[in-house]
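Worksheet: the structure to be examined is printed underneath.
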Amino acid sequence: MSVWKRIACNPEAKQSMIQYYDEKGLADVRVCLAPWIEERIISDRNTTSTEIYERVAHRFYEDLKQRLVQLGNGNLMKFKINEICTSVTQTSAVDLYAHLRNGLQRELQLLDQMPQYPYMAGVGVNGSTSASMIGGNSTVVMPAMHTPTIHGTGNGSSYSGDALYAAHNHIHNLNLSITRVFTELQQFRASYETFHGCFNTYNQRKAVMSSQELQTTDLQLKEQCTILASSRNNILHDLRRIITEYDSIQETVINELKNWQHNQALAGNGAPFRDNLDDIQRCIELLVETVGKILDIVNILQPLRIDNNDDMSELITHVRSAQQLLVLSSFIVEKQPPQVMKTNTRFAAAVRWLIGPQLGISVNNPSVECIILSEAQAQRHSAQRTMSEASTSTPASSGEIVNNIGTMEYNSQTRVFSASFRTMQLKKIKRAEKKGTESVMDEKFALLFYTSVIVNDYRIRVWTLSLPVVVIVHGNQEPQSWATITWDNAFSDIVREPFQVPERVSWSQLALALNTKFESSTGRALTEDNLHFIYEKLFRHNGIAGGDHKDYITWAQFCKEPLPDRTFTFWDWFFAIMKLTKDHLLSLWKAGLIVGFINKRKADELLRVSPPGTFLLRFSDSELGGITVGLVNDQNSVLMLSPWTARDLNIRCLADRIHDIDALRCVYPSNRQRDDAFGEFYTQRMDETTRRDGYVTNTIKAHVPAIENNLSGTPQHQIQSPHSQDVTMESLQNSTIMHL
């Protein structure tokens with residue numbers, strides 16, 4: 001049970017908290033989004049600094065607005081949503097988040113103080129104890145929380161998350177109501193048929209009936225007709241209530257599916273992905289069955305008219321539209337194709353229909369075809385959201401895909417109804433005409449999966465679109481293509497016209513996306529210092545203090561405009577570092593031995609107050625995908641070695657290069673001795689002079705003559721400048737030699 005549901009059990013506590021939330025107009029938000037708010041706030045971790053707290057608050061604020069938009073489409077909230085949105089937008093992100101967070105802390109404290117509910121005392125969400133889970137609004141320490149698994153009681157199944165669990169219970173209760181209405185309908189139909197039998201008899205005999213008998217019979221029939229009309233109206237009233245409740249439940253389940261799809265896009269950037277698709281399918285299967293029962297009731301009631309004003313065609317249309325939306329929405333891409341797709345390269349994908357065995361569609365194993373659409377085609381096709389075979393035409397493909405037909409199969413054990421495409425290959429692509437500075441790496445396509453089946457003797461057509469893909473023909477197009485995909489996955493709305501994205505985003509949003517991307521690729525998250533350095537680079541501060549981290553970054557700044565005094569963009573630089581770290585520096589980065597994101601000026605300041613032999617590893621500002629060593633030599637001068645790139649590290653790994661240079665003795669910032677810190681990463685080689693095949697063993701070593709000459713007493717030019725010196729190939733001959 002959610003915290004708010006527990007609070008609502010105590011009228012005094014509930015009234016107190018309503019008054020608190022009403023101070024900022026957030027009472028309706030707290031009530032309507034209770035499970036989501038609690039899960040988000042309690043699951044936030046590592047909010048140990050003001051900057052992290054603000055970034056979490058802004059992310060929460062943006063997600064809250066998306067949730068409100070979803071609620072605004074529903075029957076139950078459409079009249080309140082404008083007022084709620086106004087209250088939300090009048091409150092800053094940090095104030096709103098702090099108010100809700102402090103409110104939740106108060107609620108947990110109230111639960112601890114409720115003696116009339118001893119089974120709740122000291123128990124927070126998911127069994128965690130007391131309000132100590134939640135800190136204040138600036139420095140917050142919270143334990144790791146796991147997504148709750150709530151066990152249902154109806155069929156022994158379990159649901160991850162309050163929304164689906166509540167939906168399952170609502171469907172169960174709704175079916176009880178449907179059963180009751182159906183029983184009333186059967187009784188009404190029997191009475192209706194009896195009445196019509198009496199009425200027909202009356203019409204046949206009234207010519208021979210006396211006036212008294214006519215008057216009596218006529219009065220009796222009118223009374224029966226009134227009773228029938230009242231019964232029909234009661235059934236119709238209950239039926240409309242059932243349909244309204246059904247609409248609300250279906251909307252909740254479809255929103256959960258949309259959230260799953262949105263999280264699937266975020267997972268494309270490396271975000272953790274909670275796959276609750278089986279839970280969603282359980283609810284959809286129940287809804288398919290439920291809407292079928294509702295449609296049966298409507299169809300039975302339709303011909304049982306009392307007068308000519310009892311037409312129910314509008315209600316029938318509404319229920320069929322709801323059924324159509326459910327069937328269409330439940331056809332999804334379960335396994336996305338690669339979002340950067342290279343021509344003439346095999347790839348896989350899979351689609352799934354969450355209706356399971358319902359409607360009998362799985363019996364015939366329908367075929368699914370896949371084609372590729374341009375962004376403009378995807379926009380036009382999305383506007384035709386219908387199941388009618390006649391009203392939906394398949395657009396011409398924007399390319400040629402081989403092995404693009406799959407067969408849907410139903411697994412009775414897992415209840416999965418899906419089609420897999422394992423060896424598809426894009427042979428050709430048709431591109432749209434480019435505008436301005438657009439390139440092929442900015443152009444988005446999507447795969448369209450579609451099929452047609454026969455349901456209840458009429459043919460329907462369903463389809464779904466993949467996440468956007470960028471098509472490339474050369475490997476050097478990959479970095480910019482990933483910029484397009486990363487921006488789309490991170491900042492697209494849950495519901496949008498394909499494939500619209502904002503032209504600018506806040507720094508807190510971008511910082512979250514970059515951290516997610518880098519951590520998923522390298523296995524270690526960025527630190528606050530790392531993110532601050534990235535912030536300075538993005539906003540061209542060049543290490544000069546400035547900016548309040550509330551700025552917005554545009555798409556052009558992100559990946560189109562070159563960095564100052566450079567020929568490459570921010571994304572070129574960031575992507576190259578990410579690739580270098582993943583391919584060559586993974587173990588060292590995870591071990592925390594690489595400072596990485598620090599500029600030359602800051603590195604110089606740190607090293608100047610460090611003892612001789614201290615060194616640090618930083619990513620190069622001037623060379624794409626380069627890592628350099630900054631060190632303090634025995635003359636207390638700071639030197640910077642020219643960067644090593646992937647080409648160098650393919651020849652000899654970074655740990656071995658560091659081992660080769662005796663002047664590197666103590667690594668910053670841990671101040672551990674070099675061999676103690678890097679020893680486990682050195683390459684182990686057999687100590688033998690002659691191999692069994694008769695060849696003499698040899699190895700390649702990093703050699704920096706300038707440093708070694710200093711160590712051997714060779715006179716060197718004394719550095720007068722206060723700035724560090726770059727040890728380059730041209731000046732100090734940073735080189736590698738082969739030792740035999």
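The values are calculated or read from the model by the stated rules, or taken from the named source; none is laboratory data. All figures in this text were calculated on a predicted structure; none of them were measured in a lab. All Cβ positions, even for glycine, are placed from backbone atoms using ideal geometry, and neighbour counts span all protein chains on display. Only protein heavy atoms, including side chains, enter the accessible area calculation; ligands, DNA and RNA are left aside. Shrake-Rupley method; radii C 1.70, N 1.55, O 1.52, S 1.80 Å.
Each residue of segment 277-285 was assigned a 3J(HN,Hα) from its phi angle through the Karplus curve 6.51 cos²θ - 1.76 cosθ + 1.60 (θ = phi - 60°); the sequence is 5, 5, 5, 5, 4, 4, 5, 5, 4 Hz, with glycine and proline shown as x.
So, for segment 295-426, what is the accessible surface per residue at a probe of 1.4 Å, expressed in square angstrom? Don't skip to the answer; put the middle values down first.
On the way: 6020 Å² over 132 residues.
In whole numbers, segment 295-426 has 46 Å² accessible per residue.
Straight-distance candidates among the lysines for linking to residue 590, with alpha-carbon spacing under 18 Å and chain neighbours fewer than 8 residues away dropped: 517, 579, 582.
Working out 0.36 nm times the residue gap between residue 439 and residue 236, then minus their Cα-Cα distance, what length gain in nm do you get to one decimal? Present the calculation step by step, with values, prior to reporting the outcome.
Working: separation 203, 0.36 × 203 = 73.08 nm, distance 5.87 nm.
Gain on extension, residue 439 to residue 236, equals 67.2 nm.
Heavy-atom accessible area for residue 435, with the other protein chains in place and a 1.4 Å probe, reaches approximately 150 Å².
List the relative contact order of segment 330-419 as a percent without decimals, with contacts defined as Cα pairs under 8 Å and 6+ residues apart. It would help to have the intermediate numbers written out before the result.
Details: 113 pairs, mean separation 31.0, N = 90.
Relative contact order, segment 330-419: 34 percent.
What's the carbon and sulfur percent of segment 461-525's accessible surface, probe 1.4 angstrom, rounded to a whole number? Write down the numbers at each step before the final one.
Working: 1010 of 2150 Å².
Using a 1.4 Å probe with all protein chains present, segment 461-525 comes out at 47 percent carbon and sulfur.
Quick one: work out Rg over Rh on the C-alpha atoms of segment 513-616, Rh as Kirkwood radius. Display every interim value, and only then the final one.
On the way: Rg = 14.5 Å, Rh = 15.0 Å.
Result: Rg/Rh = 0.97.
Here the Karplus curve 6.51 cos²θ - 1.76 cosθ + 1.60, taken at θ = phi - 60°, turns the phi angles of segment 570-585 into couplings of 4, 5, 3, 5, 5, 5, 5, 5, 4, 5, 4, 5, 5, 7, 10, 10 Hz, with x standing for Gly and Pro.
Amide H neighbours of residue 560 under 5 Å, counting only residues 5+ apart in sequence or on other chains, H built in-plane at 1.01 Å? When sequence neighbours closer than 5 places are left aside, there are no close amide H contacts.
Out of the total accessible area of segment 222-300 (probe 1.4 Å, heavy atoms of protein only), what percent is carbon and sulfur?
The value for segment 222-300 is 50 percent carbon and sulfur by accessible area.
How many percent of the accessible area of segment 571-653 is carbon or sulfur, using a 1.4 Å probe? Working shown, then result.
Working: 1450 of 2930 Å².
That fraction is 50 percent.
Most tightly packed first, judged by the mean number of other beta-carbon atoms within 10 Å of their residues, the peptides 180-186, 55-61 read 55-61, 180-186. What does the charge add up to near residue 185, with Lys and Arg as +1, Asp and Glu as -1, over the other residues with Cβ less than 12 Å from its Cβ? Overall, the nearby charge balance is +1.
So how many Lys-Lys pairs in segment 285-434 land under 24 Å Cα to Cα, not counting same-chain pairs under 8 apart? Numbers along the way, then the final one.
Working: 335/427; 335/428; 342/427; 342/428; 342/430; 342/434.
Taking the Cα cut-off of 24 Å, the pair count is 6.
Taking amide hydrogens as placed 1.01 Å from N in the peptide plane, the amide H of residue 703 sits under 5 Å from those of 735, 736, 737, each at least 5 positions away in sequence or on another chain. In summary, the lysines within cross-link reach of residue 206, defined as a Cα separation below 30 angstrom excluding same-chain residues under 8 places away, comprise 222. The lysines whose alpha-carbon is closer than 18 Å to the alpha-carbon of residue 602, local same-chain residues fewer than 8 away aside, are 537. Using C-alpha pairs below 8 Å separated by at least 6 residues, the relative contact order for segment 269-358 is 33 percent. Solvent-accessible area per residue in segment 591-707 equals 47 Å², computed with a 1.4 angstrom probe and all protein chains kept. In terms of its C-alpha gyration tensor, segment 563-709 comes out oblate, because a/c is 1.5 or above while a/b does not outweigh b/c.
Can you tell me how much longer the chain between residue 205 and residue 680 gets when fully stretched, taken as 0.36 nm per residue apart minus their C-alpha distance, in nm with one decimal? Walk me through the numbers before you get to the answer.
Working: separation 475, 0.36 × 475 = 171.00 nm, distance 10.67 nm.
Gain in length upon complete extension: 160.3 nm.
Our summary gives segment 165-265 a relative contact order of 53 percent, counting only alpha carbon pairs under 8 angstrom and 6 or more residues apart.
Karplus-based coupling profile of segment 601-606, in residue order and whole Hz: 4, 5, 4, 4, 4, 5, with θ = phi - 60° in 6.51 cos²θ - 1.76 cosθ + 1.60 and x standing for Gly or Pro.
Can you compute the modelled spin-label distance between residue 432 and residue 394, with each label point 7 Å from Cα toward Cβ, in nm? With each label point 7 Å from Cα toward Cβ, the separation is 2.3 nm.
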